[in-house]
Amino acid sequence: MWEISQSLIGGFAAALSPIYVLYALVGAVLGTITGVLPGLGPLGAMAILLSFTLTMDATGAMILFAGIYYGAMYGGSTTSILLNIPGEAASVVTCIDGYEMSKRGRAGAALTVSAVGSFIAGTISILGLMFATLFLSDIALRFGPAEFLAIGVCGLILLVRLSGGSILQSIIMILVGMALATVGVDFLSGIERFTFGNLELSQGIEFLPVAMGIFGVAEVLITAEEKEYQQPVKKVKMRELLPTRREWRSSVPAMFRGSFLGFLIGLIPGPSPVIATFVSYISEKKISKHPEEFGKGAIEAVAGPESANNAAVGGAYVPLFALGIPFTPAMAMVLGALMLHGLTPGPSLIRERADLFWTVIASMYLGNFMLIALNIPLVNVFVNILRVPKNILLPTIVLICMIGVYSVNSSQLDLLLLAIFGFVGYVLRGVGFQPAPLILAMVIGPMIETSLRQALNITGGNFAGVVFRPICMTMYIVASLTFIIPAASKVIRKLRSKSFSRRH
Amino acid sequence: MDGNGRRKEKIIAVVLVGFSVLYLASSFRLEIGNPRNPGPGFFPIAIGGILTVCTVIHLARALRKGRPREKAAPSVGRKNYRAIAVIVASGIVYPLILGTLKFLVSTFAVTFCMLYILKPERLFSWIFLALVMVIASFIVFSRLLGVGLPMGPLEVFLFHIGG
């Protein structure tokens with residue numbers, strides 16, 4: 001404990017240096033702006049800024065990305081409450097009761113509760129992240145290739161189950177992502193794969209143009225598809241921002257419940273902030289003494305989900321820092337930024353680069369303070385961002401994406417890949433494919449391949465030796481249960497309804 | 001999903017099958033190795049095989065859906081497909097002209113095209129705005145952030161303005 005507090009104090013000392021404070025502030029502001037703008041979520045912002053993190057050190061890049069991720073969660077609620085437009089997916093649930101409160105003239109109270117809830121959740125999840133990462137990374141040091149293979153495979157299985165939409169489509173996206181990751185020189189044998197004699201392709205398909213294309217450019221194309229429509233922007237008066245005593249009493253317990261729930265859900269693969277908001281909303285409604293108020297402007301329905309989505313952000317960092325495996329697309333971006341700086345996250349990173357870990361943790365606390373200080377008084381400024389015409393905003397985003405991709409390798413192939421994957425992302429999303437599994441598989445795929453080949457090598461080609469190990473088996477069983485339980489309950493429901501109809 | 005959407009779904013399903021078959025066929029050219037010592041083709045063949053099966057099932061499902069029974073409701077506004085085409089074309093053309101025309105001219109061309117296609121009414125405003133955006137981005141990225149952008153005489157001149 002003494003060691004942890006000492007490391008944290010060291011982290012704060014570094015995080016309070018002017019340059020890191022500036023990165024945290026820039027991240028928080030950019031995150032809030034991307035959260036406010038419908039369409040451009042934290043993923044798009046991270047993808048666009050990924051290449052520019054090269055101009056800063058790894059710690060600065062992590063601080064910037066953490067600020068963006070948290071800021072987007074704060075900003076997303078603003079448009080949900082004021083305009084009934086979710087700035088990003090994790091704020092959809094807030095629209096239900098947040099907008100109802102806004103219609104009743106309680107928009108200010110909803111915004112304050114959402115900001116305070118986000119702050120509490122952010123703080124709780126950072127504490128959880130700190131302890132869970134240290135605990136898990138200690139265990140992970142004893143893992144071999146078979147265990148890392150099991151984590152990768154189970155992570156993808158859970159992702160298929162939880163990412164929503166068609167299971168088959170998610171599996172296809174994962175396999176396409178893995179296939180793309182095999183392009184280039186195989187680093188175990190040194191043989192070129194799928195390069196078709198192209199020298200640039202022998203380096204492999206870079207993660208950056210694919211991510212920026214699928215999330216950044218595709219988002220631009222989807223927004224460009226629709227004709228412009230501007231919603232009138234509402235103003236919130238400062239004196240309306242204070243919730244009543246009754247509103248505080250109802251919302252504070254919901255904030256804590258949402259925080260713990262969100263952190264736990266953040267640990268599992270998939271779009272955890274989105275899932276966390278739905279689970280929090282449902283559980284708040286179930287335990288409420290007035291469930292009939294839900295959907296009509298219940299403040300717990302804003303406080304719980306808004307806290308849950310912020311807490312899930314902290315939870316999502318745990319598998320990345322402890323195991324080196326990103327379970328959400330946003331964490332894949334964070335991993336991409338670390339890899340651009342030549343760092344591979346995982347159990348050894350916390351020991352080798354303890355300064356980075358603790359500075360990032362400390363800067364998350366600072367970022368949370370900045371966000372609450374920025375978001376409540378400047379709510380009207382952020383909402384005005386919606387007034388920027390899309391015909392200026394969209395070309396600017398594409399321009400930044402193009403320069404960003406080019407700046408990393410000065411490669412024209414990367415620029416071409418950016419355009420191609422932008423179009424691919426746009427088309428696939430048009431027919432219901434989720435691009436997130438593709439991106440995650442592109443990152444996890446090489447780890448799965450390396451672990452599988454190493455594990456087979458160690459066990460002398462014995463597949464049973466790779467699978468039937470205590471930790472691996474537990475993980476495979478848990479992952480399988482996520483498919484077996486819903487299928488079994490479906491069969492039981494069908495049988496019950498059949499026997500019921502036979503009796504009547 | 002309306003008739004147009006179904007058609008799109010089928011086309012994408014066919015493209016995915018084509019991609020997976022091509023990937024699987026290319027994987028067989030690589031050395032598979034053996035379970036004790038898997039070669040570079042081991043993993044791609046496994047991935048390609050499963051991907052082919054999945055995409056064929058997906059295609060079969062897409063074909064089985066057939067035509068929609070009811071006529072779809074008309075969409076609220078016409079979609080701006082011209083804008084999509086121009087933005088994608090700009091992205092493809094940009095790397096092809098960047099080497100020859102260098103940063104300022106090529107970036108100006110694609111930025112202007114995108115601005116113009118999204119709101120064609122204000123031609124001269126967009127020329128001016130594209131010029132401002134390109135010069136501003138050059139100064140920010142090349143001078144302030146030190147990004148290595150393709151330089152011609154124009155860029156060298158701009159780079160040295162102000163010392």
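The values are calculated or read from the model by the stated rules, or taken from the named source; none is laboratory data. Bear in mind the structure is a predicted one, so any value in this text is a computation, not a measurement. No Cβ is skipped: glycine too gets one built from the backbone with ideal geometry, and neighbour counts run over all protein chains shown. The accessibility values were calculated without ligands, DNA or RNA, using every heavy atom of the protein model including side chains. Shrake-Rupley method; radii C 1.70, N 1.55, O 1.52, S 1.80 Å.
Screening A:82, A:16 for residues that are out of contact with any Asp or Glu (no Cβ under 6 Å at 6 or more places or on another chain) and open to solvent by 40 Å² or more (accessible area, probe 1.4 Å) leaves exactly one candidate, A:16. Restricted to segment B:121-147, and to residues that are open to solvent by less than 50 Å² (accessible area, probe 1.4 Å) and at pLDDT below 85, which residue is farthest from residue A:51 (Cα to Cα)? The qualifying residue farthest from residue A:51 (Cα to Cα) is B:142.
Among the residues that make up segment A:206-229, is at least one of them farther than 25 Å from residue A:404 by Cβ, open to solvent by less than 60 Å² (accessible area, probe 1.4 Å) and modelled with pLDDT under 80? Scanning segment A:206-229, I find no residue that is farther than 25 Å from residue A:404 by Cβ, open to solvent by less than 60 Å² (accessible area, probe 1.4 Å) and modelled with pLDDT under 80, so the answer is no.
Do the conditions hold for residue A:74, that is, is it under 17 Å from residue A:302 (Cα atoms), modelled with pLDDT under 80 and of a type in the set (Phe, Trp, Tyr)? Step through it out loud before you land on a result.
Numbers: under 17 Å from residue A:302 (Cα atoms): yes; modelled with pLDDT under 80: yes; of a type in the set (Phe, Trp, Tyr): yes.
Judged against the criteria, residue A:74 is a match.
Just so you know, in segment B:96-120 the residues that are within 18 Å of residue A:414 (Cα to Cα) and among the polar types (S, T, N, Q) include one that is most open to solvent (accessible area, probe 1.4 Å), and it is B:100. The residues of segment A:410-423 that are under 18 Å from residue A:51 (Cβ atoms), in a helix (DSSP H, G or I), within 7 Å of chain B (Cβ to nearest Cβ) and open to solvent by 30 Å² or more (accessible area, probe 1.4 Å), listed by number, are A:412, A:416. How about segment B:1-52: which of its residues are surrounded by 14 or more Cβ atoms within 10 Å (Cβ to Cβ), closer than 23 Å to residue A:463 by Cβ and polar (S, T, N, Q)? Within segment B:1-52, B:27, B:37, B:52 qualify. Regarding residue A:388, is this residue over 23 Å from residue A:118 (Cα atoms) and either without any contact (Cβ under 8 Å) to a residue 40 or more places away in the chain or out of contact with any Asp or Glu (no Cβ under 9 Å at 6 or more places or on another chain) (or both)? Judged against the criteria, residue A:388 is a match.
Condition (residue is within 30 Å of residue A:95 (Cβ to Cβ), of a type in the set (Val, Ile, Thr) and crowded, with 18+ Cβ neighbours inside 10 Å) applied to segment A:340-356: is it met by at least one residue?
Our first condition is that a residue be within 30 Å of residue A:95 (Cβ to Cβ); within segment A:340-356, this holds for none.
No, segment A:340-356 has no match at all.
Can you find, within segment A:477-488, the residue that is farthest from residue A:159 (Cα to Cα) among those that are open to solvent by less than 70 Å² (accessible area, probe 1.4 Å) and under 30 Å from the mean Cα position of the chain (by Cα)? Looking at the filtered set, the residue picked out is A:487. Suppose the filter is open to solvent by 10 Å² or more (accessible area, probe 1.4 Å), within 19 Å of the chain's Cα centre (by Cα) and modelled with pLDDT under 90; does residue A:155 pass it? No: the conditions fail for residue A:155.
Taking segment B:151-163 as the region of interest, how many residues are within 19 Å of residue B:98 (Cα to Cα) and open to solvent by 20 Å² or more (accessible area, probe 1.4 Å)? Break it down into steps so the answer makes sense when it comes.
Filtering segment B:151-163 down to residues within 19 Å of residue B:98 (Cα to Cα) leaves B:151-159.
Keeping just the survivors that are open to solvent by 20 Å² or more (accessible area, probe 1.4 Å) gives B:151, B:153-154, B:156-159.
Here the count works out to 7.
There is at least one residue in segment A:382-391 that is away from chain B (no Cβ under 14 Å) and either open to solvent by 40 Å² or more (accessible area, probe 1.4 Å) or in contact with a Cys (Cβ under 8 Å, 6 or more places away or on another chain) (or both).
Got a sec? Which of A:402, A:447 is open to solvent by 10 Å² or more (accessible area, probe 1.4 Å), more than 30 Å from residue A:5 (Cα to Cα), within 14 Å of chain B (Cβ to nearest Cβ) and of a type in the set (A, V, I, L, M, F, W, C)?
Values: A:402 fails: open to solvent by 10 Å² or more (accessible area, probe 1.4 Å).
Exactly one of A:402, A:447 is open to solvent by 10 Å² or more (accessible area, probe 1.4 Å), more than 30 Å from residue A:5 (Cα to Cα), within 14 Å of chain B (Cβ to nearest Cβ) and of a type in the set (A, V, I, L, M, F, W, C), namely A:447.
Inspection of segment A:491-499 identifies no residue that is open to solvent by 40 Å² or more (accessible area, probe 1.4 Å), in contact with an Asp or Glu (Cβ under 9 Å, 6 or more places away or on another chain), on the phi < 0 side of the Ramachandran plot and of a type in the set (Lys, Arg). Identification of helices (runs of 4 or more DSSP H) wholly contained in segment A:424-504 with 3 or more residues that are farther than 19 Å from residue B:38 by Cβ and aliphatic (A, V, I, L, M) yields A:436-458, A:470-503. Can residue A:167 be described as more than 9 Å from chain B (Cβ to nearest Cβ), under 17 Å from residue B:50 (Cβ atoms) and without any contact (Cβ under 8 Å) to a residue 24 or more places away in the chain? Judged against the criteria, residue A:167 is a match.
Taken together, the criteria exclude residue A:407 from residues that are part of a helix (DSSP H, G or I), more than 10 Å from chain B (Cβ to nearest Cβ) and small (Gly, Ala, Ser).
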